[in-house]
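Written below as C-alpha cells is the structure these notes are about.
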C-alpha cells in the first residue's frame, strides 16, 4: 500500500495543515522545521468524515514558556476556524525522533482541543513506527529509517528510530492497561457504550493493536476492521457496524432498534481481542488468532 504524498491529501486536511504552518511562520518565525502526519491517513490515504488528523511538528529548539503561550493561541485559532477535522499532535525536536519515545521529555501538544505541556498520548512506539513507514510530510524535510548514529542520511531526511520488540511490548502493555480500563469503564457507563461512536472506537481500535501484535505491522482503523472480519468471524455483525459508522455513517444499522445489544456485542468483541492480544508472543506469528 503506497504512502500518500502531500498532493494526495484531502482538501480539508491540507487546509488545516497549511493554516498551522502559516500561523507558526507568522507568530514564531523559524521555529518549525517540518510538519508530518501519521495515523490512518498514511495507509492509502484513509480519511472519513469523522477522522482525526494526527500531526508531529518537528521544531529547531525546545519551545520556551513564552513560545508555548503563542502555541496555545495558535491552536485555539485553528480549533475555532477548523473545528473539524479534529487536529491533534505534539511538538518535538529531531533528536527525539532519532531515539526511543520512552525517553522523550514533556512536550507541548494538543489533544481533543486541549493544549498543554506534558506527557502527550501520541509520544509512543506506534507513532514512531507509523512516522517511519507511513508518515506523510506536509512541510519541510522528509522522514527516513534510522540506520545508525545521526539525524538523517544527508539527503534531507529526518531519522526515525523504531524497534520491533519494543513496539510489540508497548502495544501489548497498552492493551493490558489502557484498553482493559476502557472496557471496564464501558461496563459502568452502558448508555455511552451503546452509542454508534463507541462501536467504531472500540470495535476498530482494539483489533488494530491486535493486528500489529499478530502480524508485526501496523494498519489503519478500517484495515483493522477488515482483518478482524477474518480473524473473528463470530463477531461479524459488530465489526460491520464499526466499519459502517466509520465509513458510511448515514447507512442503515442492524442495531438501530437495539442499542444495548450493540453494547453487549462490542464488550464481547473487545474482551476477546484484548485477551488474545495480551497472550500473543514475541516474535509475531504472522497469523491471525484462532476463533
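Rule-based calculations on the coordinates, nothing more; no lab input. Note that the structure is a prediction, hence the values are computed from the model and not measured. Cβ placement follows ideal geometry from the backbone for every residue including glycine, while neighbour counts extend to all protein chains displayed.
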### Message
I want to verify the translational diffusion coefficient of region 221-291 in µm²/s; compute it with Stokes-Einstein, Rh as the Kirkwood radius over Cα pairs, at 4 °C and 1.567 mPa s.
### Response
99 µm²/s
## Note on the structure
Per-residue Cβ contact counts at 10 Å, fewest first, order 88, 54, 33, 260 as 260, 33, 88, 54
## Note on the structure
Note on the chain: contact order normalised by length, alpha-carbon pairs under 8 Å, 6 or more apart, percent, works out to 16 percent
#### Entry: Isotropic mean projected area of the C-alpha convex hull, the chain (nm²)
15.3 nm²
### Message
Using a 7 Å offset from Cα along Cα-Cβ at residue 21, what residues in region 33-50 end up with backbone N under 14 Å from the label point?
### Response
33-37
### Message
Using Cβ contacts closer than 10 Å as the measure, can you line up 161, 128 from fewest to most?
### Response
161, 128
### Query
Which of 257, 12, 275 moves most in a GNM of the chain, Cα contacts under 10 Å?
257
### Query
Summing -39500 (n - 2.57) over the DSSP H runs of n ≥ 4 in the chain and dividing by its residue number, what mean residue ellipticity at 222 nm do you reach, to the nearest 500 deg cm²/dmol?
-14500 deg cm²/dmol
### Query
For region 165-279, what is the largest minus smallest coordinate of the Cα atoms on each principal axis, given in angstrom and ordered from greatest to least?
44, 28, 21
### Query
On average over all directions, what projected area in square nanometres does region 96-224 have, based on the convex hull of its Cα atoms?
9.4 nm²
#### Entry: Between region 168-183 and region 1-63, the alpha-carbon center distance in angstrom
27 Å
#### Entry: Antiparallel %, DSSP beta bridges [both residues in the chain], to 5
60 percent
### Query
Across all directions of projection, what mean area in square nanometres is found for the Cα convex hull of region 39-83?
4.3 nm²
### Query
So how long is each side of region 6-162 along the principal axes, counting just the alpha-carbon atoms, biggest first, in Å?
42, 37, 26
#### Entry: Whole-Å semi-axes of region 1-79's equivalent ellipsoid (Cα gyration tensor)
25, 13, 11
